[in-house]
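The values are calculated or read from the model by the stated rules, or taken from the named source; none is laboratory data. Quick caveat, the model's predicted, so the values are computed rather than measured. Positions of Cβ are generated from backbone atoms using ideal geometry, with glycine treated the same way; all protein chains shown enter the neighbour counts.
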């Protein structure tokens with residue numbers, strides 16, 4: 001019964017993630033296919049009040065996303081829940097934090113830039129490329145493990161989890177964090193940038209830059225000099241034209 005519950009929980013967490021991921025794309029696209037998006041919906045508030053609420057929502061997501069990914073939290077958390085659902089619980093919590101952001105977001109009017117024609121089409125193409133890059137990056141490093149399904153399936157099959165191994169498939173040979181690069185493109189590439197969208201993009205970008213530092217510290221602790229050498233020769237978000245060290 002416990003195995004069925006773990007597998008069911010992981011499947012539910014994954015479905016919630018997929019729905020949240022699709023909603024996030026719609027939330028930023030402004031295509032009016034969801035009840036609330038970054039530029040419309042929510043109750044009207046003064047700009048400063050709206051910005052304060054929106055920043056708190058971003059902070060809630062950032063704290064949850066970074067703290068639950070840290071080794072010290074995992075050690076504590078797996079004393080309370082089976083290790084097979086640790087990742088799925090993280091994925092579900094991150095999805096719920098984003099759902100809270102969607103529900104509580106307050107648009108801030110005001111145009112920062114607006115484009116049309118070829119430039120707008122190019123920005124839409126970058127927007128789509130960003131999301132595609134996010135998805136491709138997850139599959140390059142084991143999509144189903146990243147979102148907790150592999151751990152639940154291994155538990156169902158009585159398989160022992162393999163020790164983490166360091167490898168750099170395709171895009172990871174060019175940049176260390178192609179997944180984050182995809183999010184940067186998706187958050188910033190828009191034909192019409194409003195003040196509310198700018199706040200979202202800036203807040204999320206700041207979170208990602210901080211999150212990368214925490215993640216790389218953990219990776220160095222896990223893989224040691226191997227990751228240090230990889231970091232020296234590979235750019236964080238953009239390829240290095242001139243590599244440092246062989």
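At a glance:
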quantity: Candidate set from the stretch 105-116 (those that are closer than 18 Å to residue 27 by Cα and part of a loop (DSSP other than H, G, I, E, B)); member that is modelled with the lowest pLDDT; calculated: 109
quantity: For residue 46: the one exception among (1) surrounded by fewer than 20 Cβ atoms within 10 Å (Cβ to Cβ); (2) in contact with a helix residue (DSSP H, G or I) (Cβ under 9 Å, 6 or more places away or on another chain); (3) more than 18 Å from residue 143 (Cα to Cα); (4) modelled with pLDDT under 95; calculated: (2)
quantity: Residue among 209, 195 that is surrounded by 15 or more Cβ atoms within 10 Å (Cβ to Cβ) and modelled with pLDDT of 95 or more; calculated: 195
quantity: All positions within the stretch 190-240 that are under 28 Å from residue 101 (Cβ atoms) and over 19 Å from the mean Cα position of the chain (by Cα); calculated: 191, 192, 193, 194, 195, 196
quantity: Filter result for residue 119 (surrounded by fewer than 16 Cβ atoms within 10 Å (Cβ to Cβ) and modelled with pLDDT of 95 or more); calculated: yes
quantity: Lone qualifier among 27, 61, 9 - being part of a helix (DSSP H, G or I) and touching a strand residue (DSSP E or B) at 6+ places or on another chain (Cβ under 7 Å); calculated: 27
quantity: Test: residue in the stretch 71-94 that is exposed (fewer than 12 other Cβ atoms within 10 Å of the Cβ), free of Cβ contacts under 8 Å to residues at least 40 places away in the same chain, under 30 Å from residue 53 (Cα atoms) and out of contact with any strand residue (DSSP E or B) (no Cβ under 7 Å at 6 or more places or on another chain); calculated: yes
quantity: Residue selected from the stretch 213-229 under the condition touching a helix residue (DSSP H, G or I) at 6+ places or on another chain (Cβ under 7 Å) and farther than 18 Å from residue 74 by Cα, by the criterion surrounded by the most Cβ atoms within 10 Å (Cβ to Cβ); calculated: 227
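A quick yes/no check of all residues on (1) modelled with pLDDT under 95; (2) under 24 Å from residue 35 (Cα atoms); (3) in a loop (DSSP other than H, G, I, E, B):
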| site | (1), (2), (3) |
| --- | --- |
| 87 | no, no, no |
| 99 | no, yes, no |
| 103 | yes, yes, no |
| 129 | no, no, no |
| 137 | no, no, no |
